[in-house]
Structure formats: C-alpha cells, structure tokens
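Colleague: Here's a structure for you.
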Amino acid sequence: MSSDIFDHRQIEPKWQETWKKAHFFEVQPEKGRPKYYILEMFPYPSGTIHMGHVRNYTIGDVMARYKALRGFNVMHPMGWDAFGLPAENAAIKNKTHPAKWTYSNIAYMKRQFERMGWLFDWRREAATCSADYYKWEQLFFIKMYEKGLAYRKLSTVNWCPSCNTVLANEQVEAGRCWRCENEVTTKELVQWFLKVTAYAEELLEGCDKLTGWPERVKAMQKHWIGKSEGAEILFEVADGPKRGTKIPVFTTRPDTVCGVSFMSLAPEHPLTLELAQGTSQEAKVAEFVEKVRKVDKIKRTDENYEKEGVFVGAHVLNPVTGGKLPVYAANFVLMEYGSGAVMAVPAHDVRDHAFAKKYGLPIQEVIHSETPHPSVQEQAFTEQGCLVNSAQFSGLSSEEAKQKIPHWLQEKGLGKPTVNYKLRDWGISRQRYWGAPIPMIHCAKCGTVPVPEKDLPVILPEDVEFTGEGASPLAKSEKFLNVPCPKCAGPGQRETDTMDTFMESSWYYLRFCSIPSAERPFVAEDVKYWCPIDQYIGGIEHATMHLLYFRFYHRVLQDLGWLPKDISREPAEKLLNQGIVYKDGAKMSKSKGNIVDPDALIQRYGADTTRLFVLFAAPPEKVLEWSDAGVEGSYRFLGRVWRMFQGNLSLIQDVQPYSAAHSDLNHVDAKKVRTKTHQTIQKVTADLEQDFRFNTAISAIMELVNEIYGFKVELSDQVGRQVLRESIESVVRLLNPFAPHLTEELWQALGNTTLLSKEKWVDHDPSAVELDVITIVVQVNGKLRANLMLSKHVDKDALAQIAAKDPKVQGHLEGKEIIRTVVVPGKLVNFVVK
RNA sequence: GCCGGGGUGGCGGAAUUGGUAGACGCACAGGACUUAAAAUCCUGGGUUCCGAAAGGGACGUACCGGUUCGAUUCCGGUCCUCGGCACCA
C-alpha cells in the first residue's frame, strides 16, 4: 500500500461500496437537529452525463458532505426529468420507444453518478415519466382548472407545412424544418395556459425577499415580469363592417394620446384580417400577414430591423380628439405584449417615428421639451415634458397628464388606468407524445370536461408510431382518443396535447420530501419539515423560466391546499447558479465536437481528480474553461498528498495530534507549520460556509501541503511528530468533501476504523492563527516603497515615525514636504508629499 | 434588439470592507536524482528601462474619463464577449 502512486481504480470502487452499505443520506425528519435540504436541478436523461452535470453534482455533493460533517440532518435526493423532446427525436430517428430509450439512459447515468462518488438518498428517486409521478401533476392541473388557473386560448406555434406538424423552436434551424428543410411558418392553435400573470405581483415582490438568491437572477426575473404602469385606452372602429368595435391598446404614455396619428396592429391580431375583409387592401394585408409569420420574434423586435406595415383599409377614432386614424398592420408589434395593438405617436416614440416617416403619416407634437430639442419632424422626443396641442389637457406636465387622462377616459368609459406585465401566461400544451397527457375530455354536448379523479392517471398509450409527421402521436391512437364523456357518457375525445416538461420540474422537490408512493404526491408533514430547500444549485440558463415557474407552482399548490399554510411561500431559500463548461472557447456540445467524456476521465484519473479539477479551475458561478493539463495538475496534487502521507507515516502513526496550548510550542518550524495548519482550517471553513469558494479552499490546502513538504522532523522529536500528525490529519480531513475516496483510504491508514465521511469537521485553534509580527506597507504618494516587519502592538504614531525613518522611504521623502500622513493600523502608512 | 453577466501575466484564476496586483495551479526555464528518459523533489519568473551584479526606476487589471492620500474594487461613457428571450432542458 505504500507505493509511490495511489491506485484510484482499486480505492474508489471499494469506498463507493462501503458508503452504499453505510446508507449515506438515508435520512428522515429528526426533531432537535438542524435540517439541510440540498438539491441540484435533476438531469434530463439524455444518455450519458456531461461536464455540466459533473460540475453541478460535484458542487452539490461537496456541500452535502460538508454539511453532514457539520452535524446537519442532510437530505440529498436525486431523480430524473425524464419527459421531453430528445426521447421523441431519438424514437423518430432510431425506431425505438421513448420509454425504452429513457429508462436505459437512466440506468446508465445512475451508474455514472455512483462512479463519481456522489451520494444521494436513492430511496427518494423519482422519474417524472412514470405514471406514479405524472398522475399527481394531472390532478394538480385539474384542480387549477377548477380554480380558473388553467384555461384555453388561441396561440401561435411553429408549423412545418410539409411534415404537417408542430415544431419546437429547437427543431427550427435558420427558419427551416430540421427534418425536411422546408421553410417553417406559424399557425394558430387552441392551447392550454396557466395563469402565471395572476401571481405576477407576488412573484415580483417576492424577489426582494430572496436574500439568498444571486442579484443577477432576481434582476432578470424582475425584468422578465416587466411591470409597467399606464393606461388601457379604447379606440372605436370608424368604418366598415366592424364599425363600433372597440380595440383596446395598452400604453405607458397616456399623456401622448392626442398625438396619435395611426394605430398599429400585430399581424397575428384577429382584427387585422377582419378589418381588411371586403376592402381593397384585403389581398395586400393577407400577403403581409403571411410574410411576417415566417420571421422570428427576436428579429422582429430588433430596433434595427426594417419596420414595415400595411394599411388594413379601416380607421379608428381617437377617444380624446375624435380624430379619424388609419389602422396599420405592423411587423414590430407582437400579439404577446399588451393587447397586440399600439397607439402610434410618431412625435414621441422612435419606432412610430420611423414608421410614420416611411409611410408619410402625420407627426404631431403633443409633448414639448423644456430643454432644447430638434423638431419632432426630425427626431422623436421621448422624454417627459409639457403637454401642447392636447385640447383641455394642454399645459399639464407629462406626470400630471399620466394621472388625469386615464381617469378622464374611465369616466367616459373609454379606458382606464392599468398595470401591464411583460410576463405572459404559461403555455403548457405540447403537440407531442413524450409528456404527461393533459387530463381533459372534449364533448360536443358538455364542452371540456376534466377526467374524474378516480380515473387518473391518464396513461400514455404504448401502441403508437413515431414518424415526426402529421398530428401528435396521441391523436393517432384510436383507443386513447375516443372515450365516453364523464358527464353525459356520450361520445368524447381526449385532449391529445401533453404538458410542458417544466410542469414536472416545478414540483419534484416536493416529491423528494417523502419516499415516493403511488398513493399520494408527498406527505404534508414531510414537506413541512424539509421545505424550503436550503440550497438549490443549477445552471444560470434557468434564471427566468424554470426558476420562475417553480416559484409560481409552489404558491399555487399552497393556495390549493396541498402544502401547509405555514411554510414559506418560496420553494428555495438559497440559490447557486453554476456557470457553463467551455472547451476551446465555446459551450461543450455534441454538435461542436468539443465534448470531454467523464467516463474516460474517471477511468484514467479517477473521480477524486475529476471532482477536484472542476472545483479548482474556476469559481462555481463562472464559466469553466476546460483544460486537460489542468486535470493532470489536480491528479498530480493528489499524488503529492499521497506521497506526503506515505513518506511521513512512520513518523506519525504512533503519536497523537498535538493538543497542548499553542503558546507552549517553542519549536520554531513546528510553530510555523501549526499556524499554517490552523489558518488553513479557518480559511477552508470560511470558504465553504460563505460563498462556495471551492477554488480558493483547494488552493489553501495546496499551500498547507507545500508547507508540510518543507517541514523536516526527526524521529526523536516527539513534539514535532505531534504537530506533523496534526497537520497531515488536517489535510486529510479538509480534503475529504472534495476527494472523499482517497481521504477515506488515508484515514484508514492512520489506524481509524470509522468512516471519515461520518466524522465531525474540525475547528481551528484561534490562538494558533494569530501572528505576533505583521507586515506594514509604506507608500509615498500611494506607491509602494517599503515593507516593515513589526509587532502588531506598535501604535499609530510610532508606526508613522518608524516608517519615515526607513532608508528606502527616506530616499523618496528627501527634499519634499510631507503634506499628509495616512496611517491604517495593521496595514499601511502612506506619506503624501509635494 | 431587449434583459442579465463577464473582460486581471503565455493560460485557468487570487486579491473577504477602497489599502503590497498576480496567491494557488497549468505551461515554460534552470537545478537535483538517474547510465538515460519518465516520474519525483527544489528554484525562478507581469512588461520594460538602467546596472556586471546586488539593486533601482517607469508602466501595468479591455478602452476613455472622473472621485480619492490611495481604484482590479466606486461613478460616467465606449468596445468586445457570453447566457436568456417564453416549444431544448
């Protein structure tokens, strides 16, 4: 065993087996012991783990192990986000069944998890594609429907006219279908939505209370929710068959209402085609709508994208001035924001200005700038100012008008003050097979009827074909599709849409609180004990979608009575968003061919080296740039620890760690090593307690190892051997969460029969970390001129005097006048000279 | 485009509250060990100028400007780059 190099192939499987037998993290609620629920975002079982997983779960494993060493009752569960598009794509390509593909991936990835030394309470394992899991989701959906939180409306999907099928954004490559390469267009379908907007205000306010969440994530969520105050204003159609219809617009600038010179409608707006019907513009409008359908939304909202529009052949009336305004369909107006209709004020909005210039529409100034500004004919004035040309409102300030105009409109029934959010309701319908069926039945007589609770789960049929063409596979299964209506027993048809997979990931943390069972989604008592999640860890790419949806879902379940009333409204107390793993300057991905295979790393260097490298190479929240040489370095460090240990074993195996007072230690070298040891314990502990600073924690351990290498002890030096034992044992203990296999092995070699991973974390000796002599920096005009080694007891005035006498400093003071002396005790002296 | 990050030696990064810029590691160079190589152990190093050397000067944290005795850190602006943008998860 005292070979020069450690054999991870022998060591790692041995300890993995031992941990398994020790039932690590198989916890239950325990009164009187602090709990710690640590959760990493569960993986999509795509086949094999990738470096993003390695990073994510290593961070989680280290923290779980550390908190366990600190005495917490640690719950560390794992499961599989098992529904989703890739399984279906694989089914289409390889003619396998998504279930078969998914479950075999899960089995393989689970073995990889074990080989990385990640410890979980596998009794809590759940796969979201099992009926035991999605049954509850179907039930939650029905409860939401009954409360009015789930509803149907028309919405747009990507459509491939040649495959006759709906495409996910990912299946659209540069505007073309991934399978047949035909041009993709859009189509309106009736789909299911959840009313996230009903919780917009609460989700927004909640952001400020999430003190354990990164500021950047909260900022993104706030902007995503996008609250803005303004007014809804109604414009009445003035001509044509739709005459008298009131079109609502949302505006944040009701003060500019008198300057409206036209109305812009989203091309997808139902009225766009209706208004044009029967007019000479009808063909042109239809052509324009078709054209815009093919352009993606990001492009359409680009400020530099060419603004285009077409007159729809109808007019509306300005509710304040009564002026007759043309209606345009415009490519920069989106159906999703506000009402899909915009009152255009060219004088005071950049986009409207460009549009008016292009189509020769009037530009009427209604807000006058108090500071010089070019004519609004030349450039839009978008700031606030004083109202002009605004009938009875002229003379008001923008601020006053923003209050008065909406109220005046409200009195006339022509509008109202309102709050608008960018946040849109959550579209959960997917025209796909591999997802949880939406438990609804459509009946010609009774309408849409929920599947009765006793008939849940609505199970995915297995006898379906995956072609990637035509309607969803579920719509092609006669047996699935045709069922009697639960209300009238007449002929009914099942809903064939399945749910967005974010539905599953919105409540899995609750499922994990109890051992999964087909009998209930979770046990409320368990949820009460374990929730909220103390530490949630996952990729930054989830900042606005998953991390907002699960905050919403948690509140909904609480309001529906599934969760105890007296637990937090927030699912997760603290959040860490780890950065992405790069290689050769780009995100690792199969398509770019810059993948590193974790299996090969484990085989060659072992799990401990792999773990150490991903933690050491970068702070967890930042991008990690992959480096094969860096992996080699981590491997070398563990070898160095091994050799340090083996080389000193004969000196330390028969002595106890030093335990007398630090001040009694007279041995100069030993004292230095002991100080370094306790400084390291203090530093590593602080790094783990505060902000997951694994990289600096590992650096500190490396420094200690370097120090121990320089510490030479004779066999006869009993005290020196005790200090050496204390230092080496500290390295082993501190390194344990990072490199658990190797350190268990060393712990055993020290003669211990316990598991190091179940020991207590050590605390530093405060008397050992303090130095008597400290370095004082001397600056002249802020530039470093000398370092002084002084007792920490030297006072301020003495410090300045000693500093001024230093020969190096004097050289820079000569012939100059000291106009100021800044002394920072314990740190520096700065002479300001002229 | 919009929202949110990031930019420090040859490279990954460190500097905890505005106080020694470059810890630790990689790569590189030199030395020890070895018949030799690998491995290992030890040592060195931001750039530039002066000096034989010891040593010393100037510059330096993307760029421009500001605040301050002192700025990688705070403020204003610019450039580059990455993540998200609602059907990948």
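The values are calculated or read from the model by the stated rules, or taken from the named source; none is laboratory data. Computed from a prediction, not measured in an experiment: that's the story for all the values here. Neighbour counts run over all protein chains shown; Cβ positions are idealised from the backbone, glycine included. These accessible areas exclude ligands, DNA and RNA; they are computed on the full protein's heavy atoms, side chains included. Shrake-Rupley method; radii C 1.70, N 1.55, O 1.52, S 1.80 Å.
Colleague: Which residue is farthest from RNA strand B (Cβ to nearest atom), if the candidates are limited to the stretch A:547-566 and must be in contact with a helix residue (DSSP H, G or I) (Cβ under 6 Å, 6 or more places away or on another chain) and open to solvent by 10 Å² or more (accessible area, probe 1.4 Å)?
Modeller: A:PRO564
Colleague: If you take the residues in the stretch A:314-334 that are open to solvent by 10 Å² or more (accessible area, probe 1.4 Å), among the aliphatic types (A, V, I, L, M) and assigned to a loop (DSSP other than H, G, I, E, B), which one is modelled with the lowest pLDDT?
Modeller: A:LEU334
Colleague: Name the pairs: first residue in the stretch A:215-229 and closer than 18 Å to A:PHE250 by Cα, second residue open to solvent by 70 Å² or more (accessible area, probe 1.4 Å), Cβ to Cβ under 6 Å, at least 6 apart or on different chains?
Modeller: A:GLY226/A:LYS422
Colleague: Here's something else I'd like to know. Would you tally the residues in the stretch A:10-19 being under 17 Å from A:ILE602 (Cβ atoms) and surrounded by fewer than 18 Cβ atoms within 10 Å (Cβ to Cβ)?
Modeller: Going through the stretch A:10-19 one residue at a time, the tally reaches 4.
Colleague: For A:TYR57, all conditions in the list (1) outside any loop (DSSP other than H, G, I, E, B); (2) hydroxyl-bearing (Ser, Thr, Tyr); (3) at pLDDT below 95 hold save one; what is the number of the exception?
Modeller: (3)
Residues are listed down the side, and each one gets a yes or a no for (1) within 30 Å of A:LYS587 (Cα to Cα); (2) loosely packed, with under 15 Cβ neighbours inside 10 Å; (3) touching a strand residue (DSSP E or B) at 6+ places or on another chain (Cβ under 6 Å):
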{"residue": "A:LEU615", "(1), (2), (3)": "yes, no, no"}
{"residue": "A:ASP628", "(1), (2), (3)": "yes, yes, no"}
{"residue": "A:VAL641", "(1), (2), (3)": "no, no, no"}
{"residue": "A:ASN666", "(1), (2), (3)": "no, yes, no"}
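Colleague: With among the charged types (D, E, K, R), in contact (Cβ under 8 Å) with a residue 40 or more places away in the chain, within 30 Å of A:ALA617 (Cα to Cα) and open to solvent by less than 20 Å² (accessible area, probe 1.4 Å) as the only criterion, which of A:ARG674, A:ARG693 stands out?
Modeller: A:ARG674
Conditions (1) open to solvent by less than 30 Å² (accessible area, probe 1.4 Å); (2) among the hydrophobic types (A, V, I, L, M, F, W, C); (3) modelled with pLDDT of 95 or more, marked per residue:
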residue: A:TYR582; (1), (2), (3): no, no, no
residue: A:ASN594; (1), (2), (3): yes, no, no
residue: A:ALA600; (1), (2), (3): no, yes, no
residue: A:THR610; (1), (2), (3): yes, no, yes
residue: A:ALA618; (1), (2), (3): yes, yes, no
residue: A:LYS622; (1), (2), (3): no, no, no
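Colleague: With respect to A:ILE681, determine if the residue is out of contact with any His (no Cβ under 9 Å at 6 or more places or on another chain), at pLDDT 95 or above and surrounded by 19 or more Cβ atoms within 10 Å (Cβ to Cβ).
Modeller: No, not satisfied.
Colleague: Which one of A:PRO491, A:PRO473 is on the phi < 0 side of the Ramachandran plot and away from RNA strand B (no atom under 15 Å from the Cβ)?
Modeller: Just one listed residue meets the conditions, A:PRO491.
Colleague: Answer with yes or no whether A:GLU173 is open to solvent by 50 Å² or more (accessible area, probe 1.4 Å), within 12 Å of RNA strand B (Cβ to nearest atom), in contact (Cβ under 8 Å) with a residue 24 or more places away in the chain and over 30 Å from A:GLN603 (Cβ atoms).
Modeller: no
Colleague: Can you tell me how many residues in the stretch A:291-313 are more than 8 Å from RNA strand B (Cβ to nearest atom) and either within 20 Å of A:PRO270 (Cβ to Cβ) or touching a Pro at 6+ places or on another chain (Cβ under 7 Å) (or both)?
Modeller: Adding up the residues that qualify gives 11.
Colleague: For the stretch A:716-823, give me every one of the helices (runs of 4 or more DSSP H) that falls completely inside it and has 2 or more residues that are under 45 Å from the mean Cα position of the chain (by Cα).
Modeller: Counting at least 2 such residues, we get A:718-735, A:740-749, A:766-769.
Colleague: Next question, about the same structure. Consider A:SER369 against the criteria (1) within 16 Å of RNA strand B (Cβ to nearest atom); (2) polar (S, T, N, Q); (3) farther than 19 Å from A:THR251 by Cα: it satisfies all of them except one. Which criterion is unmet?
Modeller: Result: A:SER369 passes all but (1).
Colleague: Please name all residue pairs, on different chains or six or more residues apart, with Cβ atoms under 7 Å, provided the first residue is in the stretch A:505-522 and is farther than 14 Å from A:LEU557 by Cβ and the second residue is surrounded by fewer than 19 Cβ atoms within 10 Å (Cβ to Cβ) and among the acidic types (Asp, Glu).
Modeller: Cβ pairs passing all conditions: A:SER514/A:ASP526; A:PRO516/A:ASP132; A:ALA518/A:ASP132.
Colleague: Across the stretch A:472-498, what is the number of residues that are more than 33 Å from the chain's Cα centre (by Cα) and either surrounded by fewer than 20 Cβ atoms within 10 Å (Cβ to Cβ) or in a loop (DSSP other than H, G, I, E, B) (or both)?
Modeller: Total meeting the criteria: 17.
Colleague: In addition: Scan the stretch A:693-725 for residues that are of a type in the set (Asp, Glu) and touching a His at 6+ places or on another chain (Cβ under 9 Å) and jot them down.
Modeller: A:ASP717 - this is the single residue of the stretch A:693-725 that is of a type in the set (Asp, Glu) and touching a His at 6+ places or on another chain (Cβ under 9 Å).
Colleague: For A:MET51, only one of the following conditions fails: (1) within 19 Å of the chain's Cα centre (by Cα); (2) buried (at least 24 other Cβ atoms within 10 Å of the Cβ). What is its number?
Modeller: Unmet for A:MET51, out of (1) within 19 Å of the chain's Cα centre (by Cα); (2) buried (at least 24 other Cβ atoms within 10 Å of the Cβ): (2).
Colleague: When you look at A:LYS422, is it open to solvent by 10 Å² or more (accessible area, probe 1.4 Å) and either of a type in the set (Gly, Ala, Ser) or within 11 Å of RNA strand B (Cβ to nearest atom) (or both), yes or no?
Modeller: Answer is yes for this residue.
Colleague: Now for a different question. Determine whether the stretch A:625-645 contains at least one residue that is under 21 Å from A:LEU750 (Cβ atoms), among the β-branched types (Val, Ile, Thr) and more than 7 Å from RNA strand B (Cβ to nearest atom).
Modeller: The answer is yes, given that some residue of the stretch A:625-645 is under 21 Å from A:LEU750 (Cβ atoms), among the β-branched types (Val, Ile, Thr) and more than 7 Å from RNA strand B (Cβ to nearest atom).
Colleague: I'd like the full set of residues that are under 20 Å from A:PHE502 (Cα atoms) and near RNA strand B (Cβ under 10 Å from one of its atoms), limited to the stretch A:194-218.
Modeller: A:VAL196, A:THR197, A:ALA200, A:VAL217, A:LYS218, listed by residue number.
Colleague: Return the residues of the stretch A:729-787 that are of a type in the set (A, V, I, L, M, F, W, C), without any contact (Cβ under 8 Å) to a residue 40 or more places away in the chain and open to solvent by 60 Å² or more (accessible area, probe 1.4 Å); say none if nothing qualifies.
Modeller: Within the stretch A:729-787, A:VAL773, A:LEU784 meet the criteria.
Colleague: Which members of the stretch A:3-43 meet the condition of being touching a strand residue (DSSP E or B) at 6+ places or on another chain (Cβ under 8 Å), within 15 Å of RNA strand B (Cβ to nearest atom) and either aromatic (Phe, Trp, Tyr) or within 13 Å of A:ASN73 (Cβ to Cβ) (or both)?
Modeller: Result: A:PHE42, single match.
Colleague: Just to be sure before I move on: is A:PHE711 within 27 Å of A:ALA22 (Cα to Cα), within 15 Å of RNA strand B (Cβ to nearest atom) and out of contact with any strand residue (DSSP E or B) (no Cβ under 9 Å at 6 or more places or on another chain) in the structure I sent?
Modeller: no
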